[in-house]
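The values are calculated or read from the model by the stated rules, or taken from the named source; none is laboratory data. From a predicted model like this one, the values you see are computed outputs, not experimental measurements. Virtual Cβ from ideal backbone geometry, glycine too; neighbours counted across all protein chains shown. Quick note on the areas: whole protein, heavy atoms, side chains included, nothing else; ligands and nucleic acids left out. Shrake-Rupley method; radii C 1.70, N 1.55, O 1.52, S 1.80 Å.
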Amino acid sequence: EDGFFDLAWPEGFAAEAMFAERAADCLAQRGFCIVRTFMSPEAQAKAREEVRSRSVDFEALRTELEASWLGGGDAGEVLHLEEQADSGGEDSEANWPAGGSLDACDAYLTAMSRSLSPATPDLLGFESYERSPPIARVFSERAAGGDAGSSLDRRPKPLRKEDVAAGVVEDFIHFARRRRLCMLHVIDGAGGEVTLIPAAGTGLQRMTVRVSANSLLVFRHDLMDYNFRQRGPAAVLQAWVLSEPLAVELLSYDGPANRTGDAMGLTGPQRPPIPSRACYVASLMERMPGSVYGADQAWAMFSSGGDTAVRWPKSRWPEEPYYSDDPHA
């Protein structure tokens, strides 16, 4: 229902620590958390106008990728915002003004990501590495795809060969594998309804929550999909908390398959030669400690001489009473 919030945005360092703990607990227990933010109506209107002033840069995502980014339902008009430079000076590549109302909206997302970071390993099961640049979404009374009579067609279009060559699909796959939390900040307007759809086996329940202006919804995007239904004109700022990038990545290789290790500079045992009779592999998957996920990462780990073996953490039990390097101890 309207006006429902789990938490209000904290004031002061001591309140922030308790806020972060309670927010992480909500995410661990039910997969989402709604936070009340505090922006004045004037600041909200200015943020919306800052987004609207970049309307020429609005773009449509590819049809095959849109739902994973924007959820089902209404996509609105989408603007990818570049990261702000620390100085906010002339060298910044950001396509939005530093120090403006939109920058203040984005500051909520940065602070939320930073506050949750210490709690994510223990309560949520992942290491928070960074947050993504934001995207702005604007919803109007008219159907998605631009106002009537507009010469700009912003309806989703299918992937093209040029997109694949430009790395659009590869970048999306990396994003989808790294995304952990989605942060959706309604900065102005009527908001809408967000339906959270958990994956099978997560133990989470399907929920529909209403969000309005000054609502910050954070949910486990690694465990659930979502649909967004607008209730009227609205402006939304959205970003994701990401886990660490892949440790080993082979971008391209055109030589013999059994010489891949040489191309990567690996010194371990060579891949065995390809047999004269072809072998069709329908599926191959490996997952091991040390963030090894997938056959390519497993082979890279073994080829480089790794074994993912580490000392047990002292938080489990002390090492000294049970082990010593001295054989005569």
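Structure summary
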{"quantity": "Karplus-derived HN-Hα couplings along the stretch 171-187 (A = 6.51, B = -1.76, C = 1.60, θ = phi - 60°), whole Hz, x at Gly and Pro", "calculated": "4, 5, 4, 4, 4, 5, 6, 9, 5, 10, 10, 9, 10, 10, 10, 7, 9"}
{"quantity": "In order through the stretch 196-206: 3J(HN,Hα) via Karplus (6.51 cos²θ - 1.76 cosθ + 1.60), integer Hz, x for Gly, Pro", "calculated": "9, 10, x, 6, 4, x, 7, x, 8, 9, 5"}
{"quantity": "Largest to smallest accessible area among Val168, Val194 [probe 1.4 Å]", "calculated": "Val168, Val194"}
{"quantity": "Burial order of peptide ranges 218-229, 173-184, 38-49 (average beta-carbon count within 10 Å, highest first)", "calculated": "218-229, 173-184, 38-49"}
{"quantity": "Nonlocal amide H pairs with Glu130, under 5 Å, H built at 1.01 Å", "calculated": "Leu242"}
{"quantity": "For Met207, distant residues with modelled amide H under 5 Å away", "calculated": "Leu196"}
